[in-house]
Amino acid sequence: MQLPQPKLPPYDVAEWLKKPFQERLKWVCQAWAIQGYGTPGGVYAVYLIKIVFYVAVWLFFCGFSQHLGGPSTIGTWWHDIDALKRAVLWSMAFEVLGLGCGSGPLTGRYYPPVGGFLYFARPRTTKAPLFPRLPLLGGHRRTPLDVGLYLAYLALLFRALVAPEISPYHVLPIAIILPVLGICDKTIFLASRAEHYFSVAVCCLFPLSTLPAAKAVWLAIWFWAATSKLNNHFPAVICVMISNSPVLGVLRRRMYRGYPDDLRPSRLAHLMAHAGTLTEYMFPALLAFGTGGKVTLVALVVMLGFHLFITSNIPMAVPIEWNVIMVYGGFVLFGHHAGVRFWDVSSPELTAYLLFALVVLPIVGNVAPRFVSFLVSMRYYAGNWAYGVWLFKGESLQKLDKGVVKSAPLVQDQLRKFYPDLTATALLSKVIAFRAMHLHGRALNELIPKAVDNIEEYTWLDGEIVGGLVLGWNFGEGHLHNEPFIQALQAQCHFAPGEVRCILVEAQPMFQRTLSYRIVDASQGEIDRGEIAVSSLINKQPWCTERDT
């Protein structure tokens, strides 16, 4: 079987393999700067087809409504609140099935191209419980009860989607079962994009307040996403994203101060970062207080352009369908229903929930990110999130492959089904570049010597790859592959001391100036921890520790 051929790095991969690690890192970062991941056009076409499928199935479920029409009359009913409810519940199902964020080749899923239900519906796969020692719902291996709850969750979602009208009667069981599933496995809760879709589902339990409360959810997402970009990390995100863009290749070299030897963000990258942050503050402010007319129309057009820009650049983890529903919901809530005010929530219970979910949790997640998922905090792709790098020595990687129940082989083996060994190696090396070129990734040059004596003896795998391979879902959430996850794998794989070393870096807390890190041996536990000043990373290249003067 063959996949479209990727764009290979502009160097001989066999020769690259012979170089010392720091030189290999430099070469692959320089390759990313001018070609990104090297994704072939045919892969992008698959993601476009997936969007069509996502929208088509939503239209199919709208056909079950007693008052919505079919595709031919969509102009008369697209703005109906029942249509929006079906979009939200279908998005929950789409994501938790594994079809949305974190699927396909751009997230390290080649064969099979999805995780999701292949893991969540399979007993004895690894899970990430909220309370590992909790009787019945805890533990790190998925039980028949876990599988039953997951299947019941899917059944309840589809039950609501085929109802003549989605009422609180249909939504309440969903609002109950998903938090229970979250206690069993944080992965399923996060994979459902609960910070968005679950919150809207809760809003649907209060029919008189559904519209204003849903507006509050949309506004909170934009506001906190913009707030998360108020840091030194975001310009590097712009560089990495534009370098990987299939439509803005002409700007790639201009993202850097002096390609190929100076890959710090250029003035243009900084300008684009600031402009994007300002835009993400401005159009929601206009929509929040607008009541229709030209100002609202302009704000909606800017909102559309903002999300089209994100989508057209195909960010890694590919949250494409999420951007689609953000645009659709924006036009429904702030366009057609512009006269509804987001503060017109009449239920005290719903108000309390919204304050907790949309204000308290994001504040805690920004100030103390180690306690709250960056998704729940709505700190989206701003370059400041927890991450991990796993270093495997000798045959320890095979222990991982054989020691856990999973539905996919190692990514290396997935790639070898479609590409020669050197091509597979080149693609995996780009993941190293992706991590190193973010600002927080530049800390690795200081941390790797603390973790291992000789990096040449180890195989590097990003924590995202390890977490996705074992848990069935990955979307930038470093807390899914931290110490509890390491302990779960150690119990199954029995790594020897020194075989697996994990570098875990936490997000930078708001109002603080450092990144905290831990270095963990899978067998022996934590061996080092400390802080790194973010200011010390700004003038460093992705591949070295020396300051560029």
Distance between the range 185-236 and the range 245-275 - C-alpha centres, whole angstrom: 30 Å
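Among the chymotrypsin sites (Phe, Trp or Tyr not before Pro) in the range 429-479, which ones are in a DSSP loop with at most 15 other Cβ atoms within 10 Å of the Cβ? Mind listing them? Can you show the working numbers first?
Values: sites: Phe434, Tyr458, Trp460, Trp473, Phe475; in loops: Trp473, Phe475.
The qualifying sites: there are none.
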FRET efficiency for Val247 and Glu349, Cβ-Cβ distance as r, R0 = 45 Å, nearest 0.05? 0.50
In whole Å, what is the distance between the alpha-carbon centres of the range 420-465 and the range 32-87? 36 Å
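Given a cut-off of under 8 Å on Cα pairs at least six residues apart, what relative contact order in percent is computed for the range 359-483?
Values: 118 pairs, mean separation 45.5, N = 125.
This gives 36 percent for the range 359-483.
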Shape call for the range 8-105 from the C-alpha gyration tensor, a ≥ b ≥ c root eigenvalues: rounded (a/c under 1.5), prolate (a/b greater than b/c) or oblate? prolate
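Taking GluC sites (Glu not before Pro) that fall in a DSSP loop and have at most 14 other Cβ atoms within 10 Å as cut points, what is the longest piece of the chain between them? Working shown, then result.
Working: sites that count: Glu165, Glu395, Glu546.
The segment 166-394 is the longest one with no such site.
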Enumerate the lysines that Lys294 could reach by cross-link, defined here as Cα to Cα under 28 Å, with residues fewer than 8 away along the same chain left out. Lys85, Lys215
Run the quick spin-label model on Ala533 and Phe331: label points 7 Å from Cα toward the beta carbon, then report their separation in nm to one decimal. 5.0 nm
Tensor-based shape of the range 262-391 (alpha-carbon gyration tensor, a/c under 1.5 rounded, otherwise prolate or oblate): oblate
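Considering Cα pairs under 8 angstrom that are at least six residues apart, work out the relative contact order of the chain and quote it in whole percent.
On the way: 940 pairs, mean separation 105.8, N = 549.
Value for the chain: 19 percent.
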Identify, among Gly182, Ser266, Pro164, the residue whose Cα sits farthest towards the positive end of the charge dipole of the range 137-296, taking +1 on the Cβ of Lys and Arg and -1 on the Cβ of Asp and Glu, with the dipole about the Cα centre. Ser266
Per the helix-only model, the chain has a calculated mean residue ellipticity at 222 nm (DSSP H runs of ≥4, -39500 (n - 2.57) each, divided over all residues, rounded to the nearest 500) of -15000 deg cm²/dmol
For Tyr256, distant residues with modelled amide H under 5 Å away: Ser266
From zero outward in steps of 5 Å, how is the percent of C-alpha pairs of the range 261-301 spread across the bins? 5, 22, 19, 14, 12, 9, 8, 5, 3, 1, 0
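Placing unit charges on C-beta atoms (Lys and Arg positive, Asp and Glu negative, everything else neutral), compute the dipole magnitude of the range 481-549 about its Cα centre in debye, rounded to 20. Working shown, then result.
Numbers: 6 positive and 9 negative charges, 37 e Å.
So the dipole magnitude of the range 481-549 works out to roughly 180 debye.
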Is there a quick way to get the dipole size of the range 1-82? I mean about its Cα centre, with the Cβ of Lys and Arg at +1 and of Asp and Glu at -1; what is the value in debye to the nearest 20? 440 debye
Taking the Cα centre of the chain as the origin, how large is its charge dipole in debye, to the nearest 20, when only Lys and Arg (+1) and Asp and Glu (-1) carry charge on their Cβ atoms? 400 debye
Figure the gain on full extension for Ala45 and Val405 (residue separation times 0.36 nm, minus the Cα-Cα span) and round it to one decimal in nm. 126.4 nm
Looking at Phe53, Thr73, Tyr119, which one has the Cα that reaches farthest to the positive end of the dipole of the range 1-149 (charges on Cβ: Lys, Arg +1; Asp, Glu -1)? Tyr119
Once phi is turned into θ = phi - 60°, what whole-Hz ³J(HN,Hα) does the Karplus curve with 6.51, -1.76 and 1.60 give for every residue of the range 50-55, x standing for Gly and Pro? 5, 5, 4, 4, 4, 5
Dimensionless Rg over Rh [the range 445-549; C-alpha; Kirkwood]: 0.98
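Using only C-alpha positions, report the orientation-averaged shadow area of the convex hull of the chain, nm², one decimal. Display every interim value, and only then the final one.
Details: hull surface 96.2 nm².
Here the figure is 24.1 nm², rounded to one decimal.
Not counting the cut sites, what is the longest span of the chain without trypsin sites (Lys or Arg not before Pro) that DSSP labels loop and that have at most 11 other Cβ atoms within 10 Å?
Working: sites that count: Lys18, Arg133.
Here the longest run is 134-549.
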Calculate, in nm to one decimal, what Leu230 and Ala155 gain on full extension: separation in residues at 0.36 nm each, minus their alpha carbon distance. 22.9 nm
Expected vector for the range 430-437, Karplus 3J(HN,Hα) from phi with 6.51, -1.76, 1.60 and θ = phi - 60°, integer Hz, x for Gly and Pro, equals 5, 5, 4, 5, 3, 5, 5, 7
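Report the Stokes-Einstein translational diffusion coefficient (µm² s⁻¹, integer) for the range 96-223, Rh taken as the Kirkwood radius over Cα pairs, at 20 °C with viscosity 1.002 mPa s.
In µm²/s, the coefficient is 136.
Here, each number is a calculation from the coordinates, and none is a lab measurement. Note that the coordinates shown come from a computational prediction; the quantities given were computed from them, not determined experimentally. Positions of Cβ are generated from backbone atoms using ideal geometry, with glycine treated the same way; all protein chains shown enter the neighbour counts.
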